[in-house]
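Enquirer: Take this structure, written in C-alpha cells, and hold onto it; I'll ask about it next.
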Amino acid sequence: MSRRFKTRGARNAAAAERAARKPPKAIGLAYADDLGRIYFDDEVTPLADGGDVRVPRRDELILAPPGTLPTMLPGRAPLLEDFTVPDRRVTLGALLPAGYTRLLLPASRTGAHAPTLPLFGYTYACVVDDELYVAAMHTDASDDWTPRAFAPGELEAIVDARRARDPGNGVLAQLATCSLSYACFTAQNVFLERGEAALPVSPKCNARCIGCISEQDPGAGIPSPQTRVRDETSADELCRIAIAHLEAVPDGIVSFGQGCEGEPLLRATTIARAIERIRAATSTGTININTNGSMPQSLQMLVDAGLDAVRVSLNSFRPQTYAAYYRPIGYDLDDVFASARLGVAAKLRVSLNLLTHPGVTDDVREIEAADAFLADVPVTMVQTRTLNIDPERYFAVVGRPETAPLGMRTALHRIGLRGASVGNFTHAH
C-alpha cells in the first residue's frame, strides 16, 4: 500500500547519528509522482545501482541527515527487487549535505524520452519505518561548512558592507554572485570572515570535463549551474581580498581555483605575483590552490613564490577513465601525478580532490590503481567529492565495472590504509 510521505521536523545531527547506528528494518520504496509529491510503499523494495544493480546492504543505509534534499528523477521509474517497474511512479533520489559520501545510486528504468539529469549528486533513497534513509556514510565535519541560517536580507547586507570597503574589486563582485545566487560556502566565507575563502582567477581551462559546473558544451543539453568568471582578475584585486581575510582569520585559508572558474595554473604568473605580495604583508594562514595538476612547471613557480598547500582534482587513478571524463587538452594523467609528487617533495600540504562515483571509485581495478599511487606518493589527505552528473551519462563515458565492485566503504578504507586521512574538507593546521 502506498502512502503520502510526510516530512518530519529535521533532526539535529546528534539525533541523526544515534538513529543511523540502529540497524534499519524492512526497506521500502520512496518515490515521486509526476508533480514531485513524495510517497512511500513499504511492501516493495527498491533496488540500488552500485555499478551492479542489487538490493542494498543494511550497513550501507543511514537515516537521511539534516540538509538532505529529496529529488525526483524525471522520466525514470524505480526498479524493484524482482526487477519489475511500478506503473506511474517516478524514481526518487537524494542530494546529500556536505560531510557525507554517497555509497549507492538509484536504480531506474529510463524512458525513451527522459531528459539528461542536471549536474547533481544523485543518491539512493528508500523508506525504513516511515523515515527517509539514504545510502551514504558520514565522512567529515566542519563548522565552516555547516549551513548558516540567515534572516531575510542578512547575507545581502553583509555582502554589500564588504563590497563597500572595496567597491572596484571585480573578484568581490564575482564572489557576491556566487554567495547570493549559488550559496557557495567558500565565496560566503570571504564575507563572513571564516574558514577557507575563494579567490577565483581564471576564465580559461585546459580540460573539458563532462561534468563541469561552470561551462558545458552547447550540445550537451544541460545547463551549467554556475556562471564562470569572465575576466582575468588582477593580482592587486586578489591580494586585497586575501590579505584582509588572513588578517581577520589568522588560521584561515585562501584558495585559488574555484567551481566558478577554469584552471588556475593557466594564470600562474599572476598567482605567483599575488602570493609574493600576500606573504610580504602577512605570514598567517594558508595559501592554497585547487588545480587539475596539469602543469607541474607552473605549480613549481607557485611553490617558489610561497604556496603552502595544493589540492589536485581527479576522478580516477586510471589513464583511460581519467581522460574519458576530463578530456584534457595538452596534458595527461602523468602530469597530474607529477604535480602531486612535486607538492609532496616540496613539503606542501597535498590533498587529492577525488570525484567519487559508485561503480567507478570502488571498481577492483580502480582500487588497485589508487593503492599503487598512494603507496608511491604519500599525500596528506584524500577529500571525497560526490561527482555531480547523470549516472547513466557517466557510465556511458567511462564504462561499467567488469566485475562486481567492492563497495565504496571498502574503497575509502583502502585509501586510509595508505596513511592519507579521508574526509571532505580542508582543515586549518
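Enquirer: When you go through S181, S224 one by one, which is the residue that is hydroxyl-bearing (S, T, Y), modelled with pLDDT under 95, surrounded by fewer than 20 Cβ atoms within 10 Å (Cβ to Cβ) and over 21 Å from L355 (Cα atoms)?
Expert: On the way: S224 fails: over 21 Å from L355 (Cα atoms).
Matching residue, one of S181, S224: S181.
Enquirer: Evaluate segment 224-237: report whether one residue or more is charged (D, E, K, R) and in a helix (DSSP H, G or I). Write out each step before concluding.
Expert: As a first pass, look at segment 224-237 and keep what is charged (D, E, K, R): 228, 230-232, 236-237.
Next, only the ones that are in a helix (DSSP H, G or I) stay: 236-237.
Yes: segment 224-237 contains one or more residues that are charged (D, E, K, R) and in a helix (DSSP H, G or I).
Enquirer: Here is a follow-up. Can you name every residue in segment 256-266 that is buried (at least 23 other Cβ atoms within 10 Å of the Cβ) and modelled with pLDDT of 95 or more?
Expert: F256, E263, P264, L265
Enquirer: State which residue pairs qualify: first residue closer than 17 Å to A242 by Cα and inside segment 169-188, second residue surrounded by fewer than 17 Cβ atoms within 10 Å (Cβ to Cβ) in any location, beta carbons under 6 Å apart, and separation of 6 or more residues or different chains.
Expert: G170/D231; L172/R163; L172/D166
Enquirer: Among the residues of segment 66-78 satisfying the criterion of being touching a strand residue (DSSP E or B) at 6+ places or on another chain (Cβ under 6 Å) and over 19 Å from L387 (Cα atoms), which is surrounded by the most Cβ atoms within 10 Å (Cβ to Cβ)? If you could, list the steps in order and put the result at the bottom.
Expert: Step one: of segment 66-78, the residues touching a strand residue (DSSP E or B) at 6+ places or on another chain (Cβ under 6 Å) are 68-73, 76-78.
With the extra rule that they be over 19 Å from L387 (Cα atoms), the set shrinks to 76-78.
Numbers: R76: 24, A77: 20, P78: 28.
The residue in question is P78.
Enquirer: Then there's this: Restrict the check to segment 133-143 and report whether at least one residue is in the same structural domain as P86 (by TED's automatic domain parsing) and under 16 Å from V90 (Cβ atoms).
Expert: Looking for residues that are in the same structural domain as P86 (by TED's automatic domain parsing) and under 16 Å from V90 (Cβ atoms), one finds none in segment 133-143, hence no.
Enquirer: Name every residue in segment 247-269 that is out of contact with any helix residue (DSSP H, G or I) (no Cβ under 7 Å at 6 or more places or on another chain) and closer than 21 Å to T284 by Cβ, in order of residue number.
Expert: If we filter segment 247-269 for residues that are out of contact with any helix residue (DSSP H, G or I) (no Cβ under 7 Å at 6 or more places or on another chain), which is where we start, we get 247-251, 253, 259, 261-263, 266-267, 269.
Correct list: E247, A248, V249, P250, D251, I253.
Enquirer: Do the conditions hold for A125, that is, is it touching a Leu at 6+ places or on another chain (Cβ under 9 Å) and either farther than 26 Å from I389 by Cβ or not in a loop (DSSP other than H, G, I, E, B) (or both)?
Expert: For A125, the condition - touching a Leu at 6+ places or on another chain (Cβ under 9 Å) and either farther than 26 Å from I389 by Cβ or not in a loop (DSSP other than H, G, I, E, B) (or both) - is met.
Enquirer: Would you be able to say whether some residue in segment 15-33 is modelled with pLDDT under 90, under 21 Å from P358 (Cβ atoms) and not in a strand (DSSP E or B)? So that I can check it myself, show each step before the final result.
Expert: If we filter segment 15-33 for residues that are modelled with pLDDT under 90, which is where we start, we get 15-26.
Subset that is under 21 Å from P358 (Cβ atoms): 20, 24.
Add one more test, that the residue is not in a strand (DSSP E or B), and what stays is 20, 24.
Scanning segment 15-33, I find at least one residue that is modelled with pLDDT under 90, under 21 Å from P358 (Cβ atoms) and not in a strand (DSSP E or B), so the answer is yes.
Enquirer: Sort through I275, I271 and tell me the only one that's more than 29 Å from E366 (Cβ to Cβ), modelled with pLDDT of 95 or more, out of contact with any Gly (no Cβ under 7 Å at 6 or more places or on another chain) and in a helix (DSSP H, G or I).
Expert: Values: I275 fails: out of contact with any Gly (no Cβ under 7 Å at 6 or more places or on another chain).
When all the criteria are applied, what remains is I271.
Enquirer: Report yes if G399 is closer than 28 Å to D308 by Cα and either among the acidic types (D, E) or surrounded by fewer than 19 Cβ atoms within 10 Å (Cβ to Cβ) (or both), otherwise no.
Expert: No; evaluated as a whole, the condition is false for this residue.
Enquirer: I would also like to ask the following. With respect to I243, is the statement that it is at pLDDT 95 or above, among the β-branched types (V, I, T), closer than 23 Å to L172 by Cβ and surrounded by 23 or more Cβ atoms within 10 Å (Cβ to Cβ) true? Show your work before the answer.
Expert: Details: at pLDDT 95 or above: yes; among the β-branched types (V, I, T): yes; closer than 23 Å to L172 by Cβ: yes; surrounded by 23 or more Cβ atoms within 10 Å (Cβ to Cβ): no.
The answer is no for I243.
Enquirer: Still on this structure, please answer the following. If only one of D308, D332 is surrounded by fewer than 18 Cβ atoms within 10 Å (Cβ to Cβ), acidic (D, E) and on the phi < 0 side of the Ramachandran plot, which one is it? Even if it seems obvious, please write down each step before you answer.
Expert: On the way: D308 fails: surrounded by fewer than 18 Cβ atoms within 10 Å (Cβ to Cβ).
Checking each option against the conditions leaves just D332.
Enquirer: Same structure again: Looking at segment 79-124 only, could you name the residues that are buried (at least 22 other Cβ atoms within 10 Å of the Cβ) and hydroxyl-bearing (S, T, Y)?
Expert: Residues satisfying the conditions are T91, Y100, T101, S108, Y122, T123, Y124.
Enquirer: Residues of segment 279-335 being in contact with a strand residue (DSSP E or B) (Cβ under 8 Å, 6 or more places away or on another chain) and free of Cβ contacts under 8 Å to residues at least 40 places away in the same chain, which ones?
Expert: Selection gives R279, I289, L302, G306, Y322, L333.
The values are calculated or read from the model by the stated rules, or taken from the named source; none is laboratory data. Everything numeric here is computed off the predicted structure, so don't read it as measured data. Cβ coordinates were reconstructed from backbone atoms using ideal geometry, including for glycine residues, and neighbour counts include every protein chain displayed.
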